[in-house]
Each structure stands twice: as C-alpha cells, then as structure tokens.
C-alpha cells in the first residue's frame, strides 16, 4: 500500500457548534495520536478523505502546518442517515515497523456445493494481519469455486502476500457451504368432525 500525502490543519474548534461550522465549510474534524506523544486535533478536507477511502488508501504523510507525520487511518465515524464522515482517527506509525490492520477478504467464483443444494454462509470476511505499513494489501481475493457441501474456507487457507502474516486464528471460518435447511410445516390441527352434542333435554 502506497503512502499518500494529505494536508491537515491544527484544529482549535472543539465545541459542538464550532465543529458543526467546520463541517458546513467542508472540513472534517480528526485526531492524530500514538507513539507516546500527545494527541493533536486536526481538520482535513472531507472531500479529499472520501477520495482516499474510495481508493482504499490508509497510510498517509499528514502535513500538519508544515510538519509531516506518518499515520495510519485507524477509524472513520459515519453519519447513519447521510453516510457522510463525522470524524477520523489517525494513529502515528513508524514506516519501518510492522503494524496490525484489518483486511477484507473478497470471495470469487461459484462454489460447487451450491449446485448441490447448498447455501454459502459468509462468517468472517475481515481478517487481522501484521506487516509493514507499506506492505498492507489493498484487497485480498480468494477463489471459492472448489468449495463443496459441508466444506469451510478458514483463515489458514488464505494465501497472503510475502511479508504479511496472519493474526486472526488460523481455524477461524471465513465462509462455508451448508446444506439448505428444509422446513417441514406441521399439518394444521383438524377440528373434530362433529361438534360435541348439546345436552339432551329430558322428555316431557
């Protein structure tokens, strides 16, 4: 994964109203922390961050008022109703030291077990890896066309690029093909053929 530059400014606006005004002007509140140093509140371009997200960029050279820091995009908080970013967390990193990161697994192919009535169940499509920041894969594809009924793709089955090690336990299920469940509905309870006879009246 390449290291991309991004401009940032130190942020003094911390109150709710001030942050809301920042967002109206197209700026996104963020924070840089880690490496045993004090966190720094910053603001970045919301539009620019969204472009980086679309290209799966996570490793940055943040230019904060002329001071450049290497940082990893740790987390983005999103607004549920509009899908706009609300806040970003950047963690300071050393480009020469391995870090842990999440990596999404993309399953490709049509599992052979589906043609036998199976159903594909996606269990854990995100794994944890460790590597140098510049070696983080942008994506990881795995062909599951050979997956048959009752077969499971585990994290240990994945082929990782050189220099990337698996942190997620190897036995963790990524996805599996399970037999389709047949639901048998119980027959509806039948009513008695004849309703209970009313008490007979005594003959007059």
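When region 57-78 is limited to residues that are over 16 Å from the mean Cα position of the chain (by Cα) and farther than 19 Å from residue 137 by Cα, the one that is surrounded by the most Cβ atoms within 10 Å (Cβ to Cβ) turns out to be 62.
So if I check each of 200, 180, which one is over 27 Å from residue 71 (Cα atoms), touching a strand residue (DSSP E or B) at 6+ places or on another chain (Cβ under 8 Å) and at pLDDT below 95? The conditions single out 180. Looking at region 48-154, the strands (runs of 3 or more DSSP E) lying wholly inside it that each contain 1 or more residues that are at pLDDT 95 or above and more than 30 Å from residue 27 (Cα to Cα) sit at 99-108, 118-122, 126-131, 140-143, 152-154. Residues in region 146-164 that are exposed (fewer than 11 other Cβ atoms within 10 Å of the Cβ) and in contact with a strand residue (DSSP E or B) (Cβ under 8 Å, 6 or more places away or on another chain): 159 alone.
The values are calculated or read from the model by the stated rules, or taken from the named source; none is laboratory data. The shown structure was predicted, so the numbers you read here are calculated from the model rather than taken from an experiment. Backbone-built Cβ (ideal geometry, glycine too); neighbour counts: all protein chains shown.
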